[in-house]
Amino acid sequence: QVQLVESGGGLVQAGGSLRLSCAASGSIRRINAMAWYRQAPGKQRELVAVISSGGNADYEDSVKGRFTISRDNAKKTVYLQMNSLKPEDTADYYCNADIWTFGGPYGANYWGKGTLVTVSS
């Protein structure tokens, strides 16, 4: 079994910063791409940032220049550094990873349970 556990969410004022972390655990052979998604109330879940196993990153347009995704493969952890936060960044943030488990297929998709980020104006 694989678990993804997010941490680092909370309440912050507009213009502030937060750093989210997501640690993977379980019978993991290799972690391929890792990503952060978010879902605001009444809206669909959207991709915020994605990082390949080699460290190539891509971002949703509204967060470019403000958010940075990174990963520590040894710790099986992905991070999302969020700066210059805006009220419209308020959402539940979910970790997602494509993981190759021992005895499993090359890639299977896993989700964390989410962490709430609230940005006050």
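Here, each number is a calculation from the coordinates, and none is a lab measurement. Just so we're clear, the structure is a prediction, and the values are computed from it rather than from any experiment. We place every Cβ from the backbone using ideal geometry, glycine too, and count neighbours over all the protein chains shown.
Listed values, structure above:
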quantity: Chain lengthening between Gln13 and Ser52 when straightened (0.36 nm per residue, less Cα-Cα); calculated: 11.0 nm
quantity: Sites excluded, chymotrypsin sites (Phe, Trp or Tyr not before Pro) in DSSP loops with at most 13 other C-beta within 10 Å, longest stretch of the chain; calculated: 1-101
quantity: Loop-located GluC sites (Glu not before Pro) in the range 1-107, at most 13 other Cβ atoms within 10 Å (DSSP); calculated: none
quantity: Long-range HN-HN contacts of Ala33 with modeled amide H, under 5 Å; calculated: Ser53, Asp98
quantity: Fluctuation leader among Ala97, Ala35, Ala14 - the chain, Gaussian network, Cα springs under 10 angstrom; calculated: Ala14
quantity: Using θ = phi - 60° and Karplus 6.51 cos²θ - 1.76 cosθ + 1.60, couplings along the range 89-94 (whole Hz; Gly, Pro as x); calculated: 7, 4, 4, 7, 9, 10
quantity: Other-chain or far-sequence residues with amide H under 5 Å of Gly16's (modelled H); calculated: Leu85
quantity: The range 16-29 - phi-based ³J(HN,Hα) in whole Hz, Karplus 6.51/-1.76/1.60, Gly and Pro as x; calculated: x, 10, 9, 10, 8, 10, 9, 9, 9, 9, x, 7, 9, 8
quantity: Loop-located trypsin sites (Lys or Arg not before Pro) in the range 1-97, at most 11 other Cβ atoms within 10 Å (DSSP); calculated: Lys43, Lys64, Lys75
quantity: Summed side-chain charge close to Val12 - residues other than Val12 whose Cβ falls under 12 Å, Lys, Arg +1, Asp, Glu -1; calculated: +1
quantity: GNM flexibility winner over the chain from Leu11, Leu85, Leu20 (Cα, springs under 10 Å); calculated: Leu11
quantity: ³J(HN,Hα), Karplus 6.51/-1.76/1.60, whole Hz, each residue of the range 110-121, x for Gly, Pro; calculated: 10, 10, x, 8, x, 9, 8, 10, 10, 10, 8, 8
quantity: Overall dimensions of the chain by Cα: Rg and Dmax, Å; calculated: 14.1, 49
